[in-house]
Amino acid sequence: GSSSIVHVRVTPLNSELALAVANDNTEQRAAEATRREFAVNVSHELKTPVGALSLLAETIEDNAEDTEMVRSFAKKIRKETRRLTKLIQEIIEISRLQGGESVMDYAPVDLAGVVAEVIDSVRMSADAKEIALVPEYAAAPEVMGDHDLLVMAVRNLVDNAINYSEPGKRVTVSLAREEGVARLAVIDQGLGIALEDQERIFERFYRTDPARSRDTGGTGLGLSIVKHVVLQHSGTVDLWSQPSVGSTFTIRLASDGDTADAGVADAAPA
Ligand code: ADP
């Protein structure tokens, strides 16, 4: 139906066009402005957790006898530190990905393995929210790519699907093959994303609900990383979403075949 129209598509073509116009002098200045803006955003994003940590430590100092309070604030410090660490890692990752120089470690990658690894690593947070993680393998496509970058991208999508869903919902990760293309979709029954936000959520630090993002340990960089990883692989990301129905993020990457043969070989006695 009309609700299945692709709302947003990120393609390498877009970014090539962006590079082409970037040769123009005015556009070069615009690119510099973007970099400056990123630096300003980064400083701001770092200031918030550091300020929070300082305040938490101060409160502990002033209430050292109150064991309960000390314990609960120490816990908050740990949570904030975790988020800060993630933020720093992602800033480094994004700078690398945007740097232009090739960061890819090209090799054949089994996407079913990528999905299994991601599902394993998020199982605890899904269980804590009673969210069912459902893998659906219609195929086991193999792509040429960087295994670690692909795991990071898929993990960001699944993390979001869990974070932006109410408890008890389902998150499906499906794998399929269309002629010459591997298709990986992360489907949630969560909050959904309003049409006017859909284009913008792939921007660095853009969030529809900053408080919720922060509360779930979000950095605002996850989808920007997804976009850059997919572009590095000359793939596309599509987003379909409807508020209070859910969201589907679909990654498509070039693929020559399935890993079925490799699987059979692995299973054979040595
Ligand atoms: P964050 O760390 O805030 O999750 P992301 O770049 O991963 O950063 O996502 C940007 C924003 O896009 C989120 O803050 C949220 O508003 C929105 N978003 C991302 N994924 C989903 C989803 N599956 N459902 C609803 N909203 C989402």
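Some observations on this one:
- Flag if Val103 is more than 27 Å from Asp197 (Cβ to Cβ), at pLDDT below 95 and surrounded by 15 or more Cβ atoms within 10 Å (Cβ to Cβ): yes
- Restricting Val122, Val151 to residues that are touching an Asp or Glu at 6+ places or on another chain (Cβ under 7 Å), under 16 Å from Val229 (Cβ atoms) and modelled with pLDDT of 95 or more narrows the list to Val151.
- Boolean, Gly218 is at pLDDT below 95 and closer than 27 Å to Asn41 by Cα: yes
- Selection of the stretch 163-207 for residues being within 29 Å of Ile91 (Cβ to Cβ) and touching a Lys or Arg at 6+ places or on another chain (Cβ under 6 Å) yields Phe202, Tyr206.
- Restricting the stretch 233-242 to residues that are polar (S, T, N, Q) and surrounded by fewer than 19 Cβ atoms within 10 Å (Cβ to Cβ), the residue that is nearest to the ligand (Cβ to nearest atom) is Gln242.
The values are calculated or read from the model by the stated rules, or taken from the named source; none is laboratory data. Just so it is clear, the structure is predicted and the values come from calculations on it, not from any experiment. As a convention, Cβ positions derive from the backbone with ideal geometry for all residues, glycine included, and neighbour counts pool all protein chains shown.
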